[in-house]
1. Restricting attention to the stretch 59-70, and to residues there that are within 24 Å of the chain's Cα centre (by Cα) and part of a helix (DSSP H, G or I), which single residue is nearest to K47 (Cα to Cα)?
2. Quick check: anything in the stretch 71-88 part of a loop (DSSP other than H, G, I, E, B), under 24 Å from the mean Cα position of the chain (by Cα), loosely packed, with under 10 Cβ neighbours inside 10 Å and of a type outside the set (V, I, T)?
3. Can you work out which of the residues in the stretch 20-52 that are assigned to a loop (DSSP other than H, G, I, E, B) and touching a Pro at 6+ places or on another chain (Cβ under 9 Å) is farthest from L2 (Cα to Cα)?
4. Scan the stretch 2-42 residue by residue and report those that are in contact (Cβ under 8 Å) with a residue 24 or more places away in the chain and exposed (fewer than 12 other Cβ atoms within 10 Å of the Cβ).
Amino acid sequence: VLDKETVSRLFQEVEAEEGYALTVDLPVQTITTPAGEVFSFEVDEYKKQCLLNGLDEIGVTLQDADAIRVFEQQWRRRSPWYFAGSGE
């Protein structure tokens, strides 16, 4: 998260100069302007890792697919009555 004044200034610079490009380094958590000015920002570690790994909530859940499958198999063995009549 950058402070409001910095964000406003960067937006003004982007709008004022065609081809203006900021460099965002998510792992290091910095933004660098074309003039070399560097701004640090904070980001939630969980959200950062999701962005770096291209994961959304479903992707995060699917990382545990094997554990989920094992749990479901154990649940079926322990509670067969729950699944009675479900056709499975």
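Values quoted throughout were computed directly from the atomic coordinates according to the rules given, and no laboratory measurement underlies them. On a predicted model such as this, the values are computed, not experimentally measured, just so you know. Ideal geometry is used to build each Cβ from the backbone, glycine not excepted, and the neighbour counts take in all protein chains shown.
1. V60
2. For the stretch 71-88, residues part of a loop (DSSP other than H, G, I, E, B), under 24 Å from the mean Cα position of the chain (by Cα), loosely packed, with under 10 Cβ neighbours inside 10 Å and of a type outside the set (V, I, T): absent.
3. The residue in question is Y20.
4. Result: P27, E42.
Per-residue answers, yes or no, for (1) closer than 30 Å to Q63 by Cβ; (2) among the β-branched types (V, I, T):
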position	(1), (2)
V1	yes, yes
V7	no, yes
T23	yes, yes
P27	yes, no
I31	yes, yes
P34	no, no
Y46	yes, no
